[in-house]
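Input: a single structure, listed below in structure tokens.
The values are calculated or read from the model by the stated rules, or taken from the named source; none is laboratory data. Fair warning: this is a prediction, and the values are worked out from it, not measured in the lab. Cβ sites come from the backbone with ideal geometry, for glycine too, and all protein chains shown count toward neighbours. Calculation scope for accessible area: heavy atoms of the full protein, side chains included, ligands and nucleic acids excluded. Shrake-Rupley method; radii C 1.70, N 1.55, O 1.52, S 1.80 Å.
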Amino acid sequence: DGVPISSPESWKRKVALFVGGAFVLSLALAFLLEKRRNIFFTSKDLEDILGLPLIGDIPEEYSHQPFPVNPNLQQQSTESSHLKMSGSRGENFFFAFESLYTQLSFLYSDPPLRSLVIGSVEKGDGQSTVAVHLAHIAATTGQRVLLVDANLGQGQLHNCFNLQNLKGLSNLLTEQMSPHEVLQKVPEVANLSLLTTGNAPDASDKLLWSPKMNHLMRELGNRYDLVIYDVPHFSESTGSSLIANQTDGILMVVGLRKTPQSLTNQVVKQLE
């Protein structure tokens with residue numbers, strides 16, 4: 001008495017809503033699972049899925065480590081130069097990039113590596129961190145190393161070294177200037193120089209396609225033992241591919257548990 005009784009019609013509506021809700025939930029779960037599968041969980045995933053050689057594995061805690069300027073940088077002109085960081089953390093940090101440089105040197109031993117593009121699929125993968133520290137490690141071996149910030153309009157490498165970005169690559173490509181007017185020696189690091197992006201008005205990645213860029217790359221290659229280009233993200237600029245075509249190799253940085261497999265595969269096909 002007084003207890004409402006559901007009619008057949010209202011029960012059908014409830015069942016339909018329940019089934020509909022379960023169907024939407026199953027679609028959501030399928031989407032999440034597919035999204036979860038679309039990233040790389042381990043370094044082995046990279047090799048298995050992309051079919052490319054893995055030559056370095058930077059611990060995640062170091063993938064966005066800023067460059068250690070004074071007083072954490074100890075500079076010597078010999079091969080024993082090393083980063084001064086506390087305890088095992090400093091040793092692991094140095095070893096990760098030293099191992100990467102060793103692998104590159106082994107792969108490109110005859111003839112030796114003279115130019116290298118370092119890029120990533122998308123923002124936040126840590127490519128600039130890798131470029132900065134790899135350039136430093138190479139310089140400590142006695143090589144004359146030039147690090148080029150080719151991210152026109154979005155340059156940041158000068159901040160890593162506490163340098164200014166008054167004139168740089170974009171100016172060389174748009175004005176009548178000589179490289180020696182804009183190249184900067186990195187303080188406290190013997191054998192390492194930096195070419196910043198510069199401040200040319202309306203600088204864009206289209207400048208990287210120009211014949212003047214090809215000529216400049218040849219000139220820089222004659223001046224230095226190793227030139228490292230930190231380029232725009234491969235998924236955002238075709239200019240990066242054109243630069244890569246003029247160098248000895250491409251080092252693509254991929255973020256584990258972040259970078260989509262589908263986008264990475266797309267970039268690899270683009271580079272091929």
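Things worth noting here:
- Taken over the stretch 224-238, residues that are in contact with a Ser or Thr (Cβ under 9 Å, 6 or more places away or on another chain) and farther than 15 Å from D149 by Cα amount to 2.
- Scanning the stretch 190-213 for residues that are under 16 Å from V227 (Cβ atoms) and assigned to a loop (DSSP other than H, G, I, E, B) turns up N191, T196, T197.
- Every pair of residues 6+ apart whose Cβ atoms lie under 7 Å, when the first sits in the stretch 160-173 and is in contact (Cβ under 8 Å) with a residue 60 or more places away in the chain while the second is open to solvent by less than 40 Å² (accessible area, probe 1.4 Å): C160/F67; C160/V132; F161/F67; F161/V186; F161/L194
- Entry remark, the stretch 134-173: residues being outside any helix (DSSP H, G or I) and either among the aromatic types (F, W, Y) or closer than 23 Å to P211 by Cα (or both) number 13 in total.
- Considering residues of the stretch 207-243 that are under 17 Å from G119 (Cα atoms) and open to solvent by 60 Å² or more (accessible area, probe 1.4 Å) only, the residue modelled with the lowest pLDDT: T238
Matching residues to (1) touching a strand residue (DSSP E or B) at 6+ places or on another chain (Cβ under 7 Å); (2) of a type in the set (A, V, I, L, M, F, W, C); (3) open to solvent by 40 Å² or more (accessible area, probe 1.4 Å):
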| position | (1), (2), (3) |
| --- | --- |
| K123 | no, no, yes |
| A131 | yes, yes, no |
| R144 | no, no, yes |
| N151 | yes, no, no |
| L163 | yes, yes, no |
| N171 | no, no, no |
| M177 | no, yes, yes |
| P187 | no, no, yes |
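- Near pairs, Cβ below 6 angstrom, 6+ apart or cross-chain, from the stretch 234-257 (within 19 Å of G124 (Cβ to Cβ) and touching a residue at least 40 places away in the same chain (Cβ under 8 Å)) to any residue that is charged (D, E, K, R) and surrounded by 21 or more Cβ atoms within 10 Å (Cβ to Cβ): V253/D125; G255/D125
- Pairs with Cβ under 9 Å, 6+ apart, first in the stretch 134-155 and on the phi > 0 side of the Ramachandran plot, second assigned to a helix (DSSP H, G or I) and of a type in the set (S, T, N, Q): G153/S170
- Of residues in the stretch 225-248 being part of a strand (DSSP E or B) and of a type outside the set (D, E), the one farthest from the chain's Cα centre (by Cα): L226
- The set of residues in the stretch 104-121 that are touching a helix residue (DSSP H, G or I) at 6+ places or on another chain (Cβ under 9 Å), of a type outside the set (G, A, S) and over 18 Å from L152 (Cβ atoms) comprises L104, P112, L113, R114, L116, V121.
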